[in-house]
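Comments concern the structure below.
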Amino acid sequence: MCPTTGINKLLYSDLSYKIIKIAFSIRNTYGPGHKETIYQRLFRENLKKDGINFEKEKRIEFYSSEGHLIGRYQPDFVVEDKIIVEIKAKKFLSKIDEEQLYYYLRNSKYEVGFLINFSTPKIYIKRIIYTNDHKPFLKDTDHTDVNTDNTDDTDANTDNTDDTDNRRSEYGPV
């Protein structure tokens, strides 16, 4: 909530609206049941058509609490260097699918992410927020997300600690 106006303001509301509009447009035009790569290509095509900047499978560096590079994540899309978008084409999403996006947000500078599943009976869109004020590694260091070396692209394994206090979605705590 904004302290001066008392009005709730969505983080990146205009860009979020555009992402949701693209997702609904794809689903309404092509329906469910296609491969994930098909939906990713359609999403990429629509971002380009709408003049929205994005990076496909951008490498996001993962740091330990001591500031050491541990590994890298590669989400499906980073839109306008502000929002992470994960595209799925599954009949059912698991908790792991949602946690994957949550871990991307928790361990990077990005605060907003969308999980979009095109293959459920109704399109599934979840917007997750993890604000930077809950990320201790960002308070002390300015990490960039640019890969400047040719080190091993180790996948970062996540532990099963419970950080539900810091997660929010438009549906309340996750």
Computed lengthening from Ser25 to His68, 0.36 nm per intervening residue step minus Cα-Cα distance: 11.3 nm
Cα gyration tensor shape for the stretch 32-144, rounded if a/c is under 1.5, else prolate or oblate: prolate
Antiparallel bridge percentage (DSSP; both residues within the stretch 32-144; nearest 5): 75 percent
Listed residue pairs exceeding 18 Å between alpha carbons, taken from Lys56/Lys82; Lys58/Lys126; Lys35/Lys109; Lys90/Lys126: Lys58/Lys126; Lys35/Lys109
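Relative contact order, percent, of the stretch 32-144 when contacts are C-alpha pairs under 8 Å separated by at least 6 residues? Intermediate results must be reported in sequence, preceding the final value.
On the way: 198 pairs, mean separation 26.3, N = 113.
Value for the stretch 32-144: 23 percent.
Bear in mind these aren't lab numbers, they're just calculated from the coordinates by the rules spelled out. Everything quoted here is computed from the prediction, not taken from an experiment.
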